[in-house]
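Bear in mind that the values in this text are calculations on the coordinates, not laboratory data. Remember, predicted model here, so these are calculated numbers, not experimental data. Backbone-built Cβ (ideal geometry, glycine too); neighbour counts: all protein chains shown.
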Amino acid sequence: MITERLHESLVLLKRLMCWRLQDILYWPCQDPDYSLRLDNNPDSRAKHRKWSSADYMLYEHFNKTLQRKISKQGKDFMDEVSHFTTVLSDVCEYCQSNQKTYLVVAASLWNQEFVLSRDYCRRMKMNTQQYLNVFKTSYQNLWPGTQ
């Protein structure tokens, strides 16, 4: 997974793992807002690259690996990435609205039709700790007496 190529990474993962489109949807507004801004001049970047050379080597290796795997995916890969981006935008718009209805995502070359509820939006907006608490509660309901 390469952050600045997140949608390509997710679509590739979907293909490799035989997942459905709804399995890779996420809530993009969950990203924290970082107030720290770094000096991004050429001298600072050169110093950072020198001090973090192992990080750069890892990043470059995995970025090249991702590009190599994407290039083997065929001509429709970027069309699927574009479709995913559009669906994700539609889902975000639906989840931010006050609509009481369901969102129907039409079938395409890359997914069967599926329906999203307001509950799906609620779960998608949960942070990690909230989601873990849901799993913990479900587990405790299945196995009373466990903590």
Lysine pair count for the chain [Cα-Cα under 25 Å; pairs on different chains or 8 or more apart]: 11
Label point distance in nm, ARG5-ASP43, each placed 7 Å from Cα along Cα→Cβ: 3.3
Going by how many other Cβ atoms sit within 10 Å of their own, how do MET124, MET17 line up, fewest first? MET17, MET124
Could you tell me how many degrees, from 0 to 90 and to the nearest 10, lie between the Cα long axis of helix 42-51 and the main elongation axis, the longest principal axis, of the Cα atoms of the chain? 80
For the chain, longest principal axis from Cα atoms; helix 128-142 axis from its Cα atoms; angle between them, nearest 10 degrees, is 40
State the extension gain, in nm to one decimal, for the chain segment bounded by LYS125 and THR137, taking 0.36 nm per residue of separation less the distance between their alpha-carbons. 2.5 nm
Length-normalised contact order of the chain in % [C-alpha pairs under 8 Å, at least 6 apart]: 25
Amide H partners (placed H, <5 Å) of ILE2, local residues excluded: SER9
Hey, what angle do you get for helix 53-71 against the long axis of the chain, alpha-carbon based, 0 to 90 degrees rounded to 10? 60
The chain: longest segment with zero exposed trypsin sites (Lys or Arg not before Pro), where exposed means DSSP loop plus at most 16 other C-beta atoms within 10 Å, is residues 38-71
At 222 nm, what helix-only mean residue ellipticity would the chain give, in deg cm²/dmol to the nearest 500, using -39500 (n - 2.57) for each DSSP H run of four or more? -18000 deg cm²/dmol
Which residues in the stretch 4-29 place their backbone N less than 17 Å from a point set 7 Å from the Cα of TYR102 along the Cα-to-Cβ direction? 21-23
